[in-house]
Structure formats: C-alpha cells, structure tokens
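See structure below.
The values are calculated or read from the model by the stated rules, or taken from the named source; none is laboratory data. Note that the structure is a prediction, hence the values are computed from the model and not measured. Please note: Cβ atoms are built from the backbone with ideal geometry, for glycine as well, and neighbour counts cover all protein chains shown.
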Amino acid sequence: MKNTKLVAVVATGLGLALTVSACGSATSPGASGTPAASSGAAAGTPVKGGTLRLLSGTQTEHWDPQRTYVGAQIELGNRLFARTLTTWGTVKSDTEQAKLVADAATDTGKASDGGKTWAFTLKDGLKWEDGKAVTCDDFKYGISRTYAVDVITGGPNYAIGFIDIPTNADGSSQYAGPYKKTGQDLYDKAVTCSGNTITFKLKQPVGDFNNTVTMTAFGAFRADKDLGDKSNYQIFSNGPYKLQGTWEQNKGGTFVRNDQWDPKTDDIRKAYPDQITIDESLTAETLYERLIANKGDDQNAIAFPDNAPSTALANIQGGAAGRYVAVPSPYTRYLVPNYKSKVFSNEMARKALALATDRAAYVTAAGGKELAQPTNSMINPALPAFPNTPLPAGEKGDPAAAKALLQQAGMTLPVKITVTYRKNDTLDKAFAGLKLGWDAAGFDTQLVGIPAKQYYGTLQSPDSASKYDAYWAGWGADYPSASTVIAPLFDSRVNITAGGPGQDYGYFDNKEFNAAIDATNAIADGTVREKAWGDLDVQLTTKHYAAIPLIVDKFVFAKGSNVQDAYVNLTFTGYYDVATAWVKK
Amino acid sequence: MYPRLYSEPAEAVCASRDQRGAAVTTGLGYSAGTDDPMAPAAPTDSVRAIQGLSPGRLALRRLLKDRVTMVAFFVAIFFVVLALAAPLLEAAKLIDPQTPHPELLGGWGSMPIGPFGGVSPQHWMGVVPATGWDVFSRVIAGLTVSLVVATLAVMISVVVGTVLGIVSGAAGGRVDALLSRVIDFVLSFPQTLMLIALSTIVIDIIQAATGAPRTPASMAFMICVMGFFGWPYFARIIRGQVLSLKQREFIEAAQSLGARRGRIYFKELLPHLWAPILVYTTMVLPQNIATEAALGFLGVGIQSPTPSFGSILNDSVHYARADPAYFMFPGLTLFIVVLSFNLVGDGLRDALDPKADRQ
C-alpha cells in the first residue's frame, strides 16, 4: 500500500523459478558502493529488562496480520506477536543481508512438483497468549481471511494470486473467505493440514513461495478471536510480546512480555526489553529533534519507522554522532508520463520530458550527493536485476535537445503540462528545480502538490487521467526480485480497469511488453531471469519512455544512546530490527 | 475639503489643545492674518508666524516634527518602492529568486557553505538550504507578494467598511440595527481558525472555477478572507464618525436643499472621513502583512516555491537549528517592515487626532 512497502502483485504468476536456492539471499549490498555508516558499536553483553521506546510519526493503519502491508508493520508484527512460517533472520550490522530462516516452521519449506506444492511443518511448543497451542488450522484459517476481500482490506493478495483456487470471470476468487464460506471446499482442497504440516497447492510453480510466506498475511489467526473488521487493532499474540490494554490510534500502545512464548522455539527474537512502547502521536521533525537531544527516556528510544526528514539531516551528524545510520532506501523515485494526456501520448514529448529532467536539482533537494543519486532505472540498485541504465542527458538534463524534439514533434511552444507530486518540503524544492529544466525546454509546467494521505488515491482515481500530464511516484520491491517491480507497475492486464489504472498510473498499455513479462516470468534460471527483468527496465526508460526514473535516496535513522544492537535489516523491510535490540541501564 | 478630525467635531478646540503644534496659533480654522485691518502694514517674520493654519497643515506640521514617524515613513516608502520595483529588478536579473545554486551547498541536507547561511558579496543574506536560492532576492520578491496581498485586502476592507459604515450611521433605524448585527456576527468568527480550516477547500474551489494556478488562487483566497474579516473594524469606526457628523449643520443644509441620499453619503459625509480611513489603513496594513506571514508559517496560504514572508518563514523554521541565519534575515526584514508601517500609522493618528494619546 502507498509507497511504503507496496501493493499486491495480483494474480498472474510470478517467478516460475524452479531453483529454490536462487531465493532469499539475492541482494547485493548497497550497489551504490557507499558503505552505510555503522550505528551500533557493540557495548558489552546484552541484558534483559528496561523499556524500548519506538517513536513514530506514522499512523498504524492495521495491526491485523492479514491486513498489514506496510513494511514497518510487517516487521514489528512479525517480531512482536505474529510468528510466520518463515522469516528473515536478524543481522549483526546495517549492511549485512539477512537470510531466509524457519520461524514457526521447522525448516524453510519443502517444494515438490517442480515448485507447485509447498509444505511447512510447525514446531512443537508454539502457544497463543492464552496458553493454547498454535495449530496448523490456525495458520490455515489465518491465510483464508485474505480471501474475504470485502472485510479484510489493505493486505497483500499474494495468497489469492498463488494458491490454486479457480477464479470467476471477473478475476475474483471462487472462494469468498471464512465468513461467507462460499467455495470453502475449494480452499480446503488447496490448503491442507495433516498433523502439524500445512501444504499449499499453487496454480503454477512459484520458486520463492517461501519468501512470500514471510509476510504476516501468511500468519496464524485464531478463529474464535476473529471479529472481522473489528479485529483491526485487536492483537492476539503468539510471539514474545502482547499488547497491554488496547491500541489507541494516533497515540500508540504498550507491549509487555507474553509469558506463554517459549524462547526455546525461537532463535530469532531475543526479546531483551521487558516492554516495548510505541508512540505514534509525533511528527518526523519532532521525534528527530528529541532523538538528537537524547534526553531522559529518549535515550531508550529508536525512530520507527520514520526516516530523518531533510530538515533534520544537517543536525544529525553532529548532534547524534554514533547514533545514526544511513542506509540505501529500497525505493526508486520516478516520474510517470500519462499516456492518456494529449501531450504525453506523443512519444517525442515523453522523450523531451526525459531529456529535460534535471536530476541534480532533485539530488540537492533530497539532501545532497551523499544521500541521493540520480538513476535511470526503475529497479533499485540493491536488486541483482539493476541494469544501471545511463542517464539520457547527464545529471542536469539537456533542455536544448528537448526543445528541438518538441519542435520536431510539431508542438506549439510553450507546451502546457500539469505535474503532480506528493506535497512535502523536499519535493516542493525538488520540483521547483525540475520545473526550471522543463520550462527551459519549452514546457509550461504547472505543479500540483497533493497531500500525502490522498496522493496515491488521486493517482489511482480514473478522473486523474484527464487532469494531469505526469506524476511523481515511488516504488520498492516486496522482496529481492525485480518481478515485484516491473510486473506490478507496467503490466496493464493486472492494473488497468474501469476503476482506474491500478499501479500503472500512466496507463502504459503495450501488448508486446505484457508478452515479454510472461516470457520473463517463465525463465527458469534465476540469474537469466533477473537479467531479463533488467532488459525490460531498459526498454521502459529508453524506448517507450513509460517512466522517467529520477533518484534513489538513502534513509537516515537515529536512536537513543542506551539502545544497543539495533541494526537496520535491509532485507526485511529496511527498518531497525527490534529482535536483537536491548536497552543499556 | 480638507480633512476633518474624526473624533473632534470642532477642529478649533483640537488645534488649541495641541502642544506640539505651531508656537502661536489662533486656534481657529480660518485666516486671522492680513485681512485684519488692525494688522501692521508690513508684517515681519514674527507676525507671519501668527497666521492661522488649516487643520491639514497643522497635522502635517505635527507629522514633520515627529522624527520617529518620519524615519519610519521613509523606511516604509523605501519598502513600498522596493516591492513595486521587484518585478523590474527580476526582469533586469538584478534579483533572482528562482535560480538554484547547488555549488554553494554541501554536506548532509545540502546546507549553505560558509558563515551566516552562506553570506557573500553575491548573496547578501545567504542562500536557501537544499536549493541554493538567493535569500535576499526571495525576501524582496516575497515583499512584493506580501504587500500586494496585504494592500488588496485592506482595500477590500476599506471600501466595504466605509460604505457600510456610512450607510449604517447615516440611515439609522432598522438598517443600522441590521448592519450592526452583521458586524457583530462577522467579528465573532475566529478568523485564523477559519483561514486554516477553509483554505484547502476554498482554494480548490477558486482553482476549479477560474482555472487559475495554485499561487494566484491562494493569493486571492488570502485577500478575500483578510479583506472580509477586516471590514467590520472600519465599518464600526466610520459609523461612529457618521453618527456625530450627521448632526452637523452642513448635513442638515444639504438635506433641506433636497440632496439625495447618495449625495449626502458620498459627497457630504465621505470627504470628512479621510482621516480615520487613512489612519486605520496604515494600521491595518502591517497587521495584514503579519497575518499573511503567520498563516504562511502555519502552512496556510501562499506556498513555496512562490516567495512571500509566510512561505519563506515556513521553510526556514525547519532549519532554525542548523542554519539560523536563514530564519533571522527574512524574520528581521519582516520585523522592520511591520514596525515601520505601524509607526507611520501611530504617527498619523497622533498628527490627525492629537487628542487620542493625550487623554
């Protein structure tokens, strides 16, 4: 959802990868080459106790495991109260890549039938907070909730896309979830429990299905605790912590130890602090002020999930020395020309826009060369498929060449265009700079800053097609495979409907390209497949100009001086991993 | 046709009470000089000083003697001229609020290199973090935007307030009662809250209706709202003036001669109201400039990258710790602008209504 850890890759099969070994550890450390500053100097032996405070400027939309699709909540949910079959291991430094490890299951899954059937066996001794055992049926029930698309909204749809249940003519599943129970027999056939072993039958081979089940949407849920929509903030734990009292929106809550959790069943979560509190009533600006000041209880705090806003960057190196970290963000910020606009239905105009784009201005606005780099690839440098496409006309762009193109296209200058961006201080400045380049090329740019809450909703609204000519957007892969970038953003078949463009905001609709996506998905060899995704990326940005990649930036996080062994887990959503953190007394 | 003193029906009394006025005055509004048969045939300098002065001249004299006001006046004029000239200066490339200077920025957060936010011979007030825009140019360009908004808002307040004030005061009866309630009603709205709550929606409506870009639409919104909430103050003061003026003989004379209402309102009454209008305009103008800045600071109204005091301060406050100069320079300029206009307003009031601060 939003651009924080993004939307579902619906239906059409991902990875026909048959090689399980290709999965999981695919990422190469920050291809930018700049090593992340290390934040956590080891300070002795971890001790139990104390309170770890999470300072947040972002409202939690869902705690219901099946409705969680924002990276920060996926990570927290998994580390605190919702164990999943497999998960990403912890890391000992901010640059280390995490490995896929077994969590509630005894191993990372057994594929058979060429990757079409997956089986996971649960560990013994897993318990809910009321002492009852976590069973295979709890997992089966939990995953079934994803199918109740009218109640359980917001979560990823990987289950619907992958699990072998026939679809109706309109693309929806014939199973309607555990509340309506329509098609329950179909689900019971596709997902089976025998003893402690849960078996999934998939529509087609998915080589990295054991990566997919790291999402809390594939976690367990107790049927007798299910209140449907009302379960959104009801937390029923099977992990090391449980919620004390209730969760208060825009305020937060306190997690305390769950005495039913048996550390012997868990080699990931160290659970050092006695309590973990979350305060989400703050703003990114204020919470970083507090972390820099490092007074009182804030010494026991970490920023979660907000990264330092551009205005805090200047103070953090001096003010929070040794307590901050800069890591590559998983996102690529890009510009989408709208194929339905009069101007950008013309390929020459799209090319002109790409040529006149001044990425240097964006880099400056995003915090300078050390924290942002211009890019011309949709795929993030951290992914193996990163094609490193050269910039079309250097960092600053070439307005003169762009102008020539516009004239060649027979357009009357200036060409009026309206460009939207998500309104914040950084993008205000970045787009003021971009506008100068575009205007110099003969465009007459009108900028529309749209508040963050409405931003992606506006892009996905069908009315926008006739209102705006180009959009800013950002996207990060769901897990280290470029299949979670190219397909969800540019496959018109899974995106464009009467209800809007989905994530294909610019209505890019190309049959050959769609066929190429299918062909790439079918490549068995992981390395070859990732390279093919890279080639498709190059096509998009240099042939169709369906997207104009802008920059990749770094996230800067800070923590209080008492917090030890908190490392950013780049593989697992890219925030501080609370599993290993402890508080010095 | 000279200005009358709005709180003083008889200018004679007023003038005689003035202690800073001319050393010797007759205290009367008409000349007591050379027509007098008793006057010496060849008047000397000292005799000329005895000449009577019109209230306007008296006021001017008081004004000229008030050194603080005069300094403030010239400062204010300087800013007005600067604001008017800004578009020309921009066209002549003497100021440049939009060209980025990334080469002057460095480090995390793209902060200005050098002391005081990158002050240099080319950039007198330094440069803006994360873009390298010239702060001095933006302050001058922002002055134009802020002054345009403030002035147009005052004009709306003055026109609406004066017309309704005259009508209310002169007509009396039901009309007066109705208008007075309307004034109470408008005054009871919390203006700042309204501005903040309504801004997004109303600006969207203005944009949809006129197809104007964001900046002119938000300027129009600020002007309308500040103008709308400003007029009742004018209306109240004007009404009070009119209530006393309408008892005067020249009004009765006009009425008995059969003058129409319109004539009485705008030909007879209006010319006697210039003083309070002038004084209140000079006092509300800086208030509007400050309001625009305060609202911009809160993120309402004119938005970056269009410079105005509000949008500049809104941006600079985020850098208050890392680059205090970026906040100080525009803040100081705003302070001087508002102060100078306020002092001019105060001085005008003293000069035109010497009684007001001497009671």
**OP:** Being more than 9 Å from every other protein chain (Cβ to nearest Cβ) and within 28 Å of the chain's Cα centre (by Cα) is the filter; apply it to region A:425-444 and report the residue that is farthest from A:S310 (Cα to Cα).
**Re:** A:L434
Original post:
Only one residue in B:A59, B:A83 is more than 14 Å from every other protein chain (Cβ to nearest Cβ) and either at pLDDT 95 or above or buried (at least 23 other Cβ atoms within 10 Å of the Cβ) (or both). Which one?
Top reply: B:A59
**OP:** Would you check if there is a residue in region A:265-288 being within 11 Å of chain B (Cβ to nearest Cβ), touching a Lys or Arg at 6+ places or on another chain (Cβ under 9 Å) and among the β-branched types (V, I, T)?
**Re:** no
Subject >> When residues of region A:313-329 are limited to those that are small (G, A, S) and more than 14 Å from chain B (Cβ to nearest Cβ), the one farthest from A:V563 (Cα to Cα) >> reply: A:S329
Original post:
within 14 Å of chain A (Cβ to nearest Cβ) and either among the aliphatic types (A, V, I, L, M) or buried (at least 20 other Cβ atoms within 10 Å of the Cβ) (or both): does that describe B:S340?
Top reply: no
Subject >> Subset of region A:502-553 [in contact with a Lys or Arg (Cβ under 7 Å, 6 or more places away or on another chain) and among the polar types (S, T, N, Q)] >> reply: A:N514, A:T520
Original post:
Which condition does A:L550 not pass, out of (1) farther than 30 Å from A:F304 by Cα; (2) in contact with a strand residue (DSSP E or B) (Cβ under 6 Å, 6 or more places away or on another chain), if it passes all the others?
Top reply: (1)
**OP:** Taking the residues in region B:317-337 that are in a helix (DSSP H, G or I) and at the interface with chain A (Cβ under 10 Å from one of its Cβ atoms) as candidates, determine which candidate is surrounded by the fewest Cβ atoms within 10 Å (Cβ to Cβ).
**Re:** B:V317
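Taking the options A:G506, A:G500, name whichever one is buried (at least 22 other Cβ atoms within 10 Å of the Cβ) and in contact with a Pro (Cβ under 6 Å, 6 or more places away or on another chain).
Exactly one of A:G506, A:G500 is buried (at least 22 other Cβ atoms within 10 Å of the Cβ) and in contact with a Pro (Cβ under 6 Å, 6 or more places away or on another chain), namely A:G506.
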Subject >> Members of region A:546-558 that are at pLDDT below 95 and not hydrophobic (A, V, I, L, M, F, W, C) >> reply: A:D553, A:K554
**OP:** Within region A:339-370, count every residue that is in contact with an Asp or Glu (Cβ under 7 Å, 6 or more places away or on another chain), surrounded by fewer than 24 Cβ atoms within 10 Å (Cβ to Cβ) and within 14 Å of another protein chain (Cβ to nearest Cβ).
**Re:** 1
Original post:
Does region A:487-497 hold any residues that are in contact with a Phe, Trp or Tyr (Cβ under 7 Å, 6 or more places away or on another chain) and buried (at least 24 other Cβ atoms within 10 Å of the Cβ), and which are they?
Top reply: A:L489, A:F490
Original post:
What is the number of the single condition among (1) at pLDDT 90 or above; (2) of a type in the set (G, A, S); (3) within 19 Å of B:P190 (Cα to Cα) that B:G240 does not meet?
Top reply: (3)
Original post:
Looking at region A:238-264, which of its residues are surrounded by fewer than 23 Cβ atoms within 10 Å (Cβ to Cβ) and among the polar types (S, T, N, Q)?
Top reply: A:Q244, A:T246, A:Q249, A:N250, A:T254, A:N258, A:Q260
**OP:** Assess whether A:N294 counts as being of a type outside the set (G, A, S), over 21 Å from A:A72 (Cβ atoms), touching a Gly at 6+ places or on another chain (Cβ under 8 Å) and surrounded by 15 or more Cβ atoms within 10 Å (Cβ to Cβ).
**Re:** yes
Original post:
Based on what the data block shows, is B:F297 in contact with a helix residue (DSSP H, G or I) (Cβ under 9 Å, 6 or more places away or on another chain), within 14 Å of another protein chain (Cβ to nearest Cβ) and over 16 Å from B:T144 (Cβ atoms)?
Top reply: yes
Original post:
Of the conditions (1) modelled with pLDDT of 85 or more; (2) in contact with a Leu (Cβ under 7 Å, 6 or more places away or on another chain), A:V485 fails just one. Which one is it?
Top reply: (2)
Original post:
Is one or more of the residues making up region A:469-488 within 14 Å of chain B (Cβ to nearest Cβ) and assigned to a helix (DSSP H, G or I)?
Top reply: no
**OP:** Scan region B:191-213 residue by residue and report those that are part of a helix (DSSP H, G or I), within 12 Å of chain A (Cβ to nearest Cβ) and out of contact with any helix residue (DSSP H, G or I) (no Cβ under 7 Å at 6 or more places or on another chain).
**Re:** B:T200, B:D204, B:A208
Subject >> Matching residues, region B:86-113, being free of Cβ contacts under 8 Å to residues at least 12 places away in the same chain, more than 10 Å from chain A (Cβ to nearest Cβ) and of a type in the set (G, A, S) >> reply: B:A91, B:A92
Original post:
Out of all the residues in region B:168-212, which are surrounded by 19 or more Cβ atoms within 10 Å (Cβ to Cβ) and in contact (Cβ under 8 Å) with a residue 40 or more places away in the chain?
Top reply: B:S168, B:G169, B:A170, B:L179, B:I183, B:L195, B:S199
Original post:
Quick one: is B:F250 more than 14 Å from chain A (Cβ to nearest Cβ), surrounded by fewer than 18 Cβ atoms within 10 Å (Cβ to Cβ), over 28 Å from the mean Cα position of the chain (by Cα) and on the phi < 0 side of the Ramachandran plot?
Top reply: yes
